[in-house]
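Report on the following structure.
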Amino acid sequence: AYDADLTDLADGTLTATKVQYGANFITVAGSSGQVWKSDGVGAGAWGTDNNSGGDITGITNGTGISGGCTSGTCTLSTTLGTTIEKGEIANSGTLSFDWADSEVADTIRAGTLDGVDSLSFLRSDANDNLTAAIIVPSANRDEGIFGTYDSNKTQHIWSMGTAYRNNAAGTNFGNLYGLAYKHTNNTTGGTMAGGHQMVWAQSGVGTSAMGTNIWTSGTGTFGGTLTVGGGTGKINAGTIDPIYTIGGARYATYMAGMTGVKEETTGVIHLLRNSQSVTRNSGTYEYVIDFDEVEQGSDLWLFAQTVNVDGRAHIVEDGMVYRTTSEELFDKMIVLLTPAFEGDVWYEKNVEDKQVIIYAQLKEVQLPSIGTLEVSYRLTAPRFDWKTWKNTTEDDVEGFNLDKLLQ
C-alpha cells in the first residue's frame, strides 16, 4: 500500500534516514568530498577521489587536430597529412619528432630555421643560388669541395652555367664549358698535360691543361719572361719568330736553325801592322784574340765561358762526367773572316795559349800611311754541354715529318 516512504521517493531521491542499514548497505555518512570506493573484499568504504581538483570541462580541437569532447572519453586525430606547413603549428618552444614513427611524414616546412630565413639555405638536390661568400675558417684549411676519386674518369670542377656539365658517368667532358679533372688513364683528349691534370674545356673539348706539363691546343701567350727548366730546359719549336712592328705593319724576323748545340759570337777588329814583317814591297797585319785576356763581361769573354775554353769538367744530374779538352774545342771551333779591303785574310789557332791569331795582307803594297785593316769575324764552337745533346731525340713529338711533308 502506498505509504509515506513511497511519497518521499517520488522525486527520485530517498532520504538517507529512511534507508535500512545492514551488512551490504552504507552504514556511515562519511566526510564531505569523499566517494564510496570498493576495497575489493567487502562492501567498500568512504575514500578520497584521486582525480579530484581538475578544472578541465572540455577538449576542443585546434589547427590540424580533429575530435574533442566536453565529457566522457575523448579521441583526438591529426589532420596534418604528409606536410606540416608554416602556420599550422603555433609553438614558441621546441617541436620534436621521432622520424622512426610511421605516422610522421618526412616533410616539415618552416619560415625560419634557427632564426635564419629558410630561403637562405642552399639545396644539394636541386639548382640553387649563392648570394654570399662561403668561407673556410683558418683552422679548417683541409676542407673544401671534394670529388670522388677515380683516375679512369673525368670529374666536374666548375662550369659557366648549369646547362654545361661534365659527363655524369665521367666518360668524357660532356658539353662542359669550364674546368674538369682528368688523368691520362682516361683517353679523352689524349695525353694533353700528362698525369693528373686540370683541363679547360669548351663544348666538351679540352683546349688547355695544367698537370705534369702545361698544354694548349692553341697559341700560348706570356706577358713576361718564359723560363723553362730553371733556364736549362729545352723548347721544341719549328720556327722562332721575333716580330717587329714598323710603321703600323708587322714583320717577321726568323731565327736560324743549327745542327748541334753551339755558341756563336761576331765582332769587328782592326789589324795593326807587324813591324817585323813589313818591308817596302810587302806588309802583314795581325790581331790576337787571347781568351785569357779578353775583358770580363765582353762578347768574347762570354763566348769563351759558354764553350768552356778552359776545359773544365761538366757533371750532369745522373753523375756522368763530360769533358772537352782545349785541343778538342779549338779543333771544332769555326772561324769565319771577312775583310773590309782588297787583300787576303787568314787565321791560326794557338791551342796552348788559347788564342786565335788573325792575319791580313793587302793585295797590292800600300804606303805606310795605312795603319790598320778592318776585319769582321764570326766564331762558332760547341757549347760546354754539347756531348749531352744528340741529333736524335726521345721527345714524344713528331715535329716536321719530312716523310709526309716532302714528296
Packing rank of 237-250, 382-395, 191-204, where each peptide gets the mean count of other beta carbons within 10 Å, highest leading:
191-204, 382-395, 237-250
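Estimate the FRET efficiency between T60 and A29 by the formula 1/(1 + (r/R0)^6), using the beta-carbon distance for r and 41 Å for R0, to the nearest 0.05. If you can, show how the numbers build up before the last one.
Values: r = 39 Å, r/R0 = 0.95.
Result of the calculation: an efficiency of 0.60.
When the accessible area of the stretch 179-241 is computed with all protein chains present and a 1.4 Å probe, what percentage of it is carbon and sulfur?
Its accessible area is 53 percent carbon and sulfur atoms.
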Determine, for each peptide in 166-176, 313-323, the mean count of other beta carbons within 10 angstrom over its residues, then list the peptides with the highest first.
166-176, 313-323
Between S217 and S203, with labels modelled 7 Å along Cα→Cβ, what's the label distance in nm to one decimal, could you check?
1.0
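At 0.36 nm per residue, minus the direct Cα-Cα distance, what do M210 and K37 gain on full extension? Give it in nm, one decimal, please.
Additional length available on full extension: 53.2 nm.
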Under the rule of at least 5 residues apart or a separate chain, name every residue whose amide H is placed under 5 Å from the amide H of I65.
T79
Could you give the length gained by full extension between K234 and S120, i.e. 0.36 nm per residue of separation minus their alpha carbon distance, to one decimal place?
35.7 nm
Set of lysines near K153 by C-alpha distance (under 29 Å), chain-local residues within fewer than 8 positions excluded
K182
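Could you pull out the pairs from K332/K404; K349/K390; K363/K387; K354/K387 whose alpha carbons sit more than 31 Å apart here?
Flagged as over cut-off: K332/K404; K363/K387.
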Looking only at lysines whose Cα falls under 30 Å of K37's and that sit 8 or more positions away or on another chain, we get K18
How much length is gained if the chain between A252 and T70 is pulled fully straight, taking 0.36 nm per residue apart and subtracting their Cα-Cα distance, in nm to one decimal?
55.3 nm
Mean accessible surface per residue for the stretch 250-407, computed with a 1.4 Å probe while every protein chain stays in place, in Å²:
70
D331 and D8 label points (each 7 Å along its Cα→Cβ direction) are spaced in nm at 15.6
For the stretch 253-407, give the percent of accessible area contributed by carbon and sulfur heavy atoms, probe 1.4 Å, rounded to a whole number.
48
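The values are calculated or read from the model by the stated rules, or taken from the named source; none is laboratory data. These figures come from a predicted structure and were not determined experimentally. Neighbour counts are summed over all protein chains in view; Cβ atoms, including those assigned to glycine, are modelled from backbone coordinates with ideal geometry. Remember, those area values only see protein heavy atoms, side chains included, never the ligands or the DNA or RNA. Shrake-Rupley method; radii C 1.70, N 1.55, O 1.52, S 1.80 Å.
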